[in-house]
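Participant: Shown below is the structure under consideration.
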Amino acid sequence: MAFSFEQHRPTQAVIHLDHLRHNLQLLESLTAEGQFFCPMVKANAYGHGDVEIALALEQAGVTAMGVGLIEEGVLLRSMGLKSQLLFFGTMDAKGARACIDAKLTPVLSSWDQVRALRALIPNGQTFGVHLKFDTGMHRLGFEPDQVEKLVEYFHENPELDLQGVMTHLHSGEDALDPQGESFKQLRAFESLAGEFDAWAPWRHTLNSAGLLNLARLRRSGRDEMAGVSLKQGVRPGLALYGLSPVEGLSELGEFKPVMSLRSKVIRVRRIKQGEGVAYGHRWKAPRDSVIGVVPVGYADGYHRALSGRAQVLCDGRRLPVVGNVTMDYFMIDMTDLVGDGTPEAFQWKEVTLFGYDSKGNLLSAIELAEWSQTISWEILTSVGERVPRVIDG
């Protein structure tokens, strides 16, 4: 559970709502006119704090958002969110009841879910749903050969109000290539989605990568390519939080990171050449050095894989992380910053682990992902409950 009492550790995740609004406006401008737009706030809004983010999006005019768990949707409803909440997960009969009670819009991906929900809706009443089709991700979704049966079922069960159909791209980064996997999936989806036109449902297919790539293609003046409409409904995630999943698209605009993870140096000390730091003395000082201790560790989501690889921002300079990241702390080499100065004078200096420092310098979470050989999604969502989210802007 998140801590609700006063925080005493000088570590916080600063959430820049002005950057969120900037990214939202940019994404809306890149979405084809009249298409479904559903920002994703699952996984605690990618680690940013789902309640604060969702309420800010609603205030900015967003009318639909996506969650990954029923529990996430129930929480947002309890905090007063009025927007449509699509639930992109699986459920049993108990979950179906929770969706109805919280007025969530489930994205149904199996017959078990369809029947569990239908059994709870009284005849003559309706409840909105979307359908998900598997066009290549092979995770969740109906197989295309189920379309005919689904059309028949929804005609016979008008209590299920079909509001949307969707699929999920497994390689949205290749959506510039009409011969690539994304276009293959989109063609498969469009061939089946038309069977549901009697309900005039929304169609949505694109994550952040797909959205950015198709927006670039539309800039050439095209609305269609290789038999695929370039106007697709979108469910942006990573880009909403300020990180682009694709490179080389700067002409579309600049995304601004929404989270800045900051702490302070709580101790500064000199060590002799050859002395080591942290567990196992993985790093030993190649010269007489000045070491700073930062009160953040892998229990906070600062991965142990960053040991000896990462950098931080301190006083406008990049300083290396040395030794093993431990559960509650890691160490940085401050030798060049301190020089011949007094180490104690540098205690309580601000340290930025990723995002912007207080002077506007940026260290991207994408760099941390590269250093720890993972993806930027994991960096953001790993920031733990021990780290308070502090709203800025």
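The values are calculated or read from the model by the stated rules, or taken from the named source; none is laboratory data. Just so we're clear, the structure is a prediction, and the values are computed from it rather than from any experiment. Using ideal geometry, Cβ is built from the backbone for each residue, glycine included, and neighbour counts are taken over all protein chains shown.
Participant: I need the full set of residues from the range 107-125 which are under 14 Å from residue 150 (Cα atoms) and among the small types (Gly, Ala, Ser), in order please.
Facilitator: 109, 110
Participant: Going by the structure shown, is residue 271 modelled with pLDDT of 95 or more, among the hydrophobic types (A, V, I, L, M, F, W, C) and in contact with an Asp or Glu (Cβ under 8 Å, 6 or more places away or on another chain)?
Facilitator: Criteria met by residue 271.
Participant: On the given criteria, is residue 189 within 17 Å of residue 210 (Cβ to Cβ), at pLDDT 95 or above, of a type in the set (A, V, I, L, M, F, W, C) and in a helix (DSSP H, G or I)?
Facilitator: Yes; evaluated as a whole, the condition is true for this residue.
Participant: Do we have any residue at all in the range 133-155 that's touching a Cys at 6+ places or on another chain (Cβ under 6 Å) and outside any helix (DSSP H, G or I)?
Facilitator: no
Participant: Where the second residue is in a helix (DSSP H, G or I) and the first is surrounded by 21 or more Cβ atoms within 10 Å (Cβ to Cβ) and lies in the range 293-304, which pairs have Cβ atoms under 6 Å and are six or more apart or on separate chains?
Facilitator: Note: pairs meeting the criteria are 301/382.
Participant: So residue 221 clears everything in (1) without any contact (Cβ under 8 Å) to a residue 40 or more places away in the chain; (2) closer than 23 Å to residue 131 by Cα; (3) surrounded by fewer than 20 Cβ atoms within 10 Å (Cβ to Cβ) except one condition, right? Which one?
Facilitator: (2)
Participant: I would also like to ask the following. Let me spell it out: the conditions are (1) over 24 Å from the mean Cα position of the chain (by Cα); (2) within 25 Å of residue 392 (Cβ to Cβ); (3) not in a strand (DSSP E or B), and residue 292 meets all of them except one. Which number is the exception?
Facilitator: Here residue 292 clears every test but (3).
Participant: From (1) closer than 29 Å to residue 368 by Cα; (2) in a helix (DSSP H, G or I), pick out the condition that doesn't hold for residue 243.
Facilitator: Answer for residue 243: the failing condition is (2).
Residue by residue, here is whether (1) surrounded by fewer than 16 Cβ atoms within 10 Å (Cβ to Cβ); (2) on the phi < 0 side of the Ramachandran plot holds:
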position: 64; (1), (2): no, yes
position: 70; (1), (2): no, yes
position: 75; (1), (2): no, yes
position: 85; (1), (2): no, yes
position: 94; (1), (2): yes, yes
position: 99; (1), (2): no, yes
position: 106; (1), (2): no, yes
position: 112; (1), (2): yes, yes
position: 136; (1), (2): no, no
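Participant: Next question. Any residue in the range 343-352 that is crowded, with 21+ Cβ neighbours inside 10 Å, hydrophobic (A, V, I, L, M, F, W, C) and in contact with a strand residue (DSSP E or B) (Cβ under 8 Å, 6 or more places away or on another chain)?
Facilitator: Taking every residue of the range 343-352 in turn, at least one turns out to be crowded, with 21+ Cβ neighbours inside 10 Å, hydrophobic (A, V, I, L, M, F, W, C) and in contact with a strand residue (DSSP E or B) (Cβ under 8 Å, 6 or more places away or on another chain).
Participant: Out of the strands (runs of 3 or more DSSP E) lying entirely within the range 303-368, which hold 3 or more residues that are assigned by TED's automatic domain parsing to the domain that holds residue 267 and in contact with a Leu (Cβ under 6 Å, 6 or more places away or on another chain)?
Facilitator: By residue number, 350-356.
Participant: Identify, please: which residue in the range 250-274 is part of a strand (DSSP E or B) and under 33 Å from the mean Cα position of the chain (by Cα) and is, among those, surrounded by the fewest Cβ atoms within 10 Å (Cβ to Cβ)?
Facilitator: The extreme case among them is 264.
Participant: Is it true that some residue in the range 62-84 is of a type in the set (S, T, N, Q), touching an Asp or Glu at 6+ places or on another chain (Cβ under 9 Å) and under 27 Å from residue 198 (Cα atoms)?
Facilitator: The answer is yes; a qualifying residue exists.
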